[in-house]
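The values are calculated or read from the model by the stated rules, or taken from the named source; none is laboratory data. A quick note: this is a predicted structure, and the numbers were derived from the prediction, not measured. Every residue, glycine as well, gets a Cβ built from its backbone with ideal geometry; the counts of neighbours run over all protein chains shown. Calculation scope for accessible area: heavy atoms of the full protein, side chains included, ligands and nucleic acids excluded. Shrake-Rupley method; radii C 1.70, N 1.55, O 1.52, S 1.80 Å.
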Amino acid sequence: MAAEQKAIPVPDERTKPYWDAAKEHKFVLQRCTACGLWNATPRVICPRCHASDFEWAQPSGKGIIHSYAIVHQTTAAGFQDEVPYVIAHIIPIEEPTAFIDGNILIDEKDFDKLNIDIPVEVVFEDRGEVTVPQWKLA
Amino acid sequence: MPFNSANKVAITGVAHSKLGRRQERPIGALAVDACLAAIADAGLTVKDIDGVATFPQTTGPGVGPEPGVSSAPFPWMTEGLGIEELNWWGNGGGNISTAIGYGIDAIATGRCNNVLVWRAMYQPRSGAFGSGTRNTAADAAARPAPRASMGQQFTAPYGFGDAPSGFAPAYMRYMKQYGAKRHHMAAYTVELRKNANKNPNSVFYDQPMSYEDYMNCRMICDPLCLFDCDMPVDGAAAIILQRADLAEAGPQKPAYITALGSGSYDWRTIPPEQWRYASSGNIGRTLWSSTYMKPTDMDGAMFYDGFSPDVYWWVEGMRFCKFGEGFEFIQDGRIAIEGGELPINTFGGQVSEGRLHGIGHWVEGVKQTQGRADDKPGDGARQIKNVNNILVCTGMLGHGNGVILSTEPR
Ligand SMILES: [Zn+2]
């Protein structure tokens, strides 16, 4: 029941390639064609070089956990029945300024393996009409 | 970077409305209660008020902003207060301290003389604060999945969304990086509850909390437990900023604004813990460069505490200790009213007085500076002894201002 209640991303003109790729189990990020900066979420101008041309490219899908927390009570739609679950900010190894929000898919009995600055890799969670990139310990 | 407006503005009148959980009285009426009481406290009438400032125009996320009923925006308040003419008004960005900063500038540059600042907080009638009404599985099951657009499409599908999920990862990183444990935080939360037990306004006035109560508290978003989160309330508070010479003619001792610093943004400050230092670190940098005073000249501090770990970011960012040492700094009675080197949040903070989104800190900072922090003379022991300077800093996530309030011009 709960999964059907989870918020469904609504792609817009700028984010559609991200969700389309996820549907095909590919992890892509927007990248500045001038200086190569990777964006965690789409930008309209590059904060490093001020160019405004971007491409969608496929990083390795490897990252590290910058930080995380274990949710025990939440108001987030569709997640009430899934506590405890893990939220995390992931830094892709290609880009130290990018922080990607997601869940670490991990059993409660393995929670003691969680830590900051440890490697993770992208996995894909199919949720009916959408697929969302997720992370597991590498 | 000297603060050219130092000593030109003082805070005089301060007041709260009644605070409480889900009050019957509409929030607009509570806001008017607080404003009229603050105006009277300053020895003024509504006609003397020629500037007003607030933040925000609505009262919070997920709350229907019906003016007077669930919010107290500026246009509605001019009617509620019966204001006929203003020379200036401002709407702060991010926190009430930003509105207060604009008000200080407006008086110092001669645009107005007496500025009323209020902040009103309203909770939805059912469900959790910030959630609308979707807080139980049964409630959620009756609804279709929400559609998440714009920035939320990258957070809501992962069960981020409420405030603890924004703050808990930052606190987790702090703990792992520096070795802070939950018992270190008890030094803050237990001390603040003692302070709240001396504050009749506090929602926890009659409820003590022991070290064991804190350590056994249930987790909301680990490492944040329930008692690390501030306590939502309905209520309002107001303060009166005055041109210093006018303040000196009034019934209250002026709390002079003698230093001012501001938070800032940085495109790289995306990691959660860096957002906190974007407020505290930049307020610290700009405030201390605006004055000859030093952290050791402070007799107490009111630091914004939406969540208890905010105190670490404040004591570090404001240069009371090195980065990563905040959890050790607050130990051993250092933040206690009695005998503490730097009493912090003597009113109980938002975690124990109630969530007024910053203005509670300003009210207490002024009262401490004026020497009238004991609401009930006799039961007292909340007033810090021999106060010369009190630091007040509110705002987080890049925005916000901090000031030094002083008993004399400096
Ligand atoms: Zn670029």
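Annotations for the structure displayed:
- Scanning residues 5 or more positions from B:Ala237 or on other chains, those with amide H under 5 Å from its amide H are B:Ser17, B:Arg119, with H placed 1.01 Å from N in the peptide plane.
- A dipole drawn for region B:172-258 from +1 and -1 charges on Cβ atoms has a positive end, and of B:Tyr174, B:Asn195, B:Ala236 the residue lying farthest that way is B:Tyr174.
- Expressed as a whole percent, the accessible area of the protein assembly as shown that falls on carbon and sulfur atoms is 51 (1.4 Å probe).
- Scattering profile of region B:246-297 at q = 0.13, 0.18 Å⁻¹ [log10 I(q)/I(0), Debye over alpha-carbon scatterers]: -0.48, -0.69
- Rounded to the nearest 100, the interface formed by chains B and A buries 3900 square angstrom of accessible surface, both chains summed, with a 1.4 Å probe.
- Between region A:90-106 and region B:101-123, the Cα center-to-center distance that results, in Å: 41
- Net dipole in debye of chain B [+1 Lys, Arg Cβ; -1 Asp, Glu Cβ; about Cα centre; nearest 20]: 640
- For region A:69-126, diffusion coefficient by Stokes-Einstein and Kirkwood Rh (Cα), 37 °C, 0.692 mPa s, µm²/s: 257
- For chain B, the per residue solvent-accessible surface stands at 36 Å², with DNA, RNA and ligands left out and a 1.4 Å probe.
- Integer Hz, Karplus 6.51/-1.76/1.60 couplings in order for region A:53-66, x for Gly and Pro: 10, 10, 10, 9, 9, 10, x, 5, x, 9, x, 10, 7, 6
- Secondary structure note: in the protein assembly as shown, about 80% of the DSSP beta bridges are antiparallel.
- Here region A:12-137 carries DSSP beta bridges of which approximately 95% are antiparallel, counting only pairs with both residues inside.
- Amide H partners (placed H, <5 Å) of A:His66, local residues excluded: A:His89, A:Ile90, A:Ile91, A:Asp117
- Measuring nothing but how far apart in sequence close Cα pairs (under 8 Å, 6+ apart) lie, relative to its length, chain B scores a relative contact order of 24 percent.
- For A:Lys26, a cut-off of 14 angstrom between C-alpha atoms picks up these aspartates and glutamates, skipping any fewer than 8 places away in its own chain: A:Glu121, A:Glu125, A:Asp126.
- Computed with the Debye formula from one identical point scatterer per Cα of chain B, without solvent, the log10 of I(q)/I(0) at q = 0.07, 0.10 Å⁻¹ comes to -0.30, -0.62.
- Only Lys, Arg, Asp and Glu carry charge here, each on its Cβ (+1 for the first two, -1 for the last two); on that basis region B:13-106 has a dipole of about 460 debye about its Cα centre.
- Think of region B:303-410 as a dipole: +1 on every Lys or Arg Cβ, -1 on every Asp or Glu Cβ, centred on the Cα centre; then among B:Phe327, B:Ile404, B:Ser352, B:Ile404 lies furthest on the positive end.
- Dipole of the protein assembly as shown [Lys/Arg +1, Asp/Glu -1 at C-beta], most positive-end residue of A:Ile45, A:Gln80, A:Gly102: A:Ile45
- Amide H within-cut-off set for A:Gln134, under 5 Å, with H built and near neighbours excluded: A:Val123, A:Phe124, A:Glu125
- Computed from the alpha carbon positions, the gyration tensor of the protein assembly as shown leads to an equivalent ellipsoid with semi-axes of 41, 25, 24 Å, biggest first.
- Hz values of 3J(HN,Hα) by residue in region A:19-26 - Karplus curve (6.51, -1.76, 1.60), Gly and Pro given as x: 6, 4, 5, 4, 4, 8, 6, 10
- When the C-alpha to C-alpha distance is required to be over 32 Å, the pairs from A:Lys6/B:Lys322; B:Lys194/B:Lys294; B:Lys176/B:Lys385 that qualify are A:Lys6/B:Lys322; B:Lys176/B:Lys385.
- Positive minus negative residues near B:Asp305 (Lys, Arg vs Asp, Glu; Cβ under 11 Å): -3
- With 5 Å bins from 0: P(r) over region A:12-137, alpha-carbon pairs, percent: 2, 11, 19, 20, 19, 15, 8, 4, 1, 0
- Peptide B:160-171 is shielded by partner chain Cβ atoms: per residue, an average of 6 of them sit within 10 Å of its Cβ.
- DSSP bridge pairs, chain B: antiparallel proportion in percent, nearest 5: 70
- Each Lys and Arg adds +1 at its Cβ and each Asp and Glu adds -1 at its Cβ; summed about the Cα centre, region A:9-138 shows a dipole of about 380 debye.
- Between A:Ala138 and A:Glu4, residue separation times 0.36 nm minus the direct Cα-Cα distance comes to 45.4 nm.
- With all pairs of different C-alpha atoms in the average, the Kirkwood value for the hydrodynamic radius of region B:282-342 is 12.1 Å.
- Hull volume in cubic angstrom per residue (convex hull over the Cα atoms of region B:235-378): 141
- Sum of side-chain charges, B:Pro75 neighbourhood, beta-carbon under 15 Å (Lys, Arg +1; Asp, Glu -1): -4
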